[in-house]
1. Among the residues of region 186-215, count how many are at negative phi and assigned to a loop (DSSP other than H, G, I, E, B).
2. Filter region 223-266 for residues that are touching a helix residue (DSSP H, G or I) at 6+ places or on another chain (Cβ under 7 Å), open to solvent by 50 Å² or more (accessible area, probe 1.4 Å) and assigned to a helix (DSSP H, G or I) and give the result.
3. Within region 275-283, does at least one residue satisfy the condition of being in contact with an Asp or Glu (Cβ under 9 Å, 6 or more places away or on another chain) and of a type outside the set (Gly, Ala, Ser)?
4. Consider region 52-93. How many of its residues are farther than 17 Å from residue 166 by Cα and among the small types (Gly, Ala, Ser)?
5. Out of region 179-207, which residues are open to solvent by 20 Å² or more (accessible area, probe 1.4 Å) and among the aliphatic types (A, V, I, L, M)?
6. Exactly one condition in (1) of a type in the set (Val, Ile, Thr); (2) open to solvent by 30 Å² or more (accessible area, probe 1.4 Å); (3) assigned to a helix (DSSP H, G or I) is not met by residue 124; state its number.
7. Would region 236-250 turn up any residue that is more than 27 Å from residue 173 (Cα to Cα) and without any contact (Cβ under 8 Å) to a residue 12 or more places away in the chain?
8. Can you find even one residue in region 153-168 that is under 15 Å from residue 254 (Cβ atoms), open to solvent by 20 Å² or more (accessible area, probe 1.4 Å) and touching a His at 6+ places or on another chain (Cβ under 7 Å)?
Amino acid sequence: MAAFAVVCAVGLVVDDRVLVGAPIWAKPFKFAVSFAAYCLTLAWMLTLLTRGQRIGRWAGHVVVLTSLVEMVVITGQVVRGKRSHFNTATAFDSALWDAMGMTIAVLWTATLVIAVLLLRTRLTDRATALAVRGGMLIALAGAALGFLMALPSEDQRAAGNLDTADVIGAHSVGVPDGGPSMALTGWSTTGGDLRAPHFVGMHALQVLPLLLIALVLLAPRFAPLRDPGVRLRLVRVAVGGYAALVALITWQALRGQPLIHPDGATLATAGAIIAAVAYGTWSALRPTAPARPS
């Protein structure tokens, strides 16, 4: 995937074709980078298993295989100049889209198997256990949000021609795909976009373990972080705050609201989450009073 990301980067430079408002090689580039990070993280997590290693190994193989199938379809459609996602224009395009849906469902199930194995694994450091398990569960929820995109949009349902429609499903909510969008991400700036919570949720898999690693590396310089209990409490705050963030931007997207143009309700909720995380962080770092002798 890392090597193919380089190939896609070259494609972005030499191929000026645009599809659904974005450079045609942007999608395989983003998927290759995302799969590389996803698979590397799962590979590390599989080394933590104390039992069920064989099942975990096979689940890892399934993740790799289904990721490869996804990339083959996406890249093949790029070469043809066709969209891979939501494309039902011809029987062949529809078959490819159905195959992608099945492989993603299998990939999600294989990841769930790894998550169950991690939940059953006894990890000596409680903060590590929470970072890994919390990141995995939030990532599964974020990945599941992708299935919402495969459902017909309101406009598609209103048109009433789902049996003959060229496109079924959408990234955006309230506006057509391919409109004005954010740089790099391509997320809509005029309507909701389910790719935002999908992306943020899935990458909890990396963010939460990386946070714990940062806390451990900072421990020699900051005395409170040397206490495993403090690190555990901080990870609890991070897991709760991250889950709340994913829920917030999912709610925002489903209301047809662009990520960068939040309304008052979204801002108020975001403020409450920030305040809760700040208070939780302060409480976690606050020295605990020594127990009084009985």
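The values are calculated or read from the model by the stated rules, or taken from the named source; none is laboratory data. Treat the numbers as computed from the prediction; the structure is a model and nothing was measured. Quick reminder, even Gly has a Cβ in these numbers, built from the backbone with ideal geometry, and neighbours come from all protein chains shown. Note: areas computed on protein heavy atoms with side chains; ligands, DNA, RNA excluded. Shrake-Rupley method; radii C 1.70, N 1.55, O 1.52, S 1.80 Å.
1. In the first step, residues of region 186-215 are kept if they are at negative phi; the result is 187-215.
Filter once more, keeping what is assigned to a loop (DSSP other than H, G, I, E, B): 187, 189-191, 194, 203.
Qualifying residue count for the region: 6.
2. The answer is 224, 228, 233, 236, 245.
3. Just the residues of region 275-283 that are in contact with an Asp or Glu (Cβ under 9 Å, 6 or more places away or on another chain), to begin with: none.
No, that holds for no residue.
4. Matching residues across region 52-93 total 6.
5. Going residue by residue through region 179-207, those that are open to solvent by 20 Å² or more (accessible area, probe 1.4 Å) are 179-187, 189-190, 195, 198-200, 202-203, 206-207.
Residues satisfying the conditions are 182, 183, 184, 200, 202, 207.
6. Of everything listed in (1) of a type in the set (Val, Ile, Thr); (2) open to solvent by 30 Å² or more (accessible area, probe 1.4 Å); (3) assigned to a helix (DSSP H, G or I), residue 124 misses just condition (3).
7. Taking region 236-250 and keeping what is more than 27 Å from residue 173 (Cα to Cα), we get 236-239.
So of that shortlist, the ones also without any contact (Cβ under 8 Å) to a residue 12 or more places away in the chain come out as none.
Checked against the condition, which is being more than 27 Å from residue 173 (Cα to Cα) and without any contact (Cβ under 8 Å) to a residue 12 or more places away in the chain, region 236-250 yields no hits at all.
8. No.
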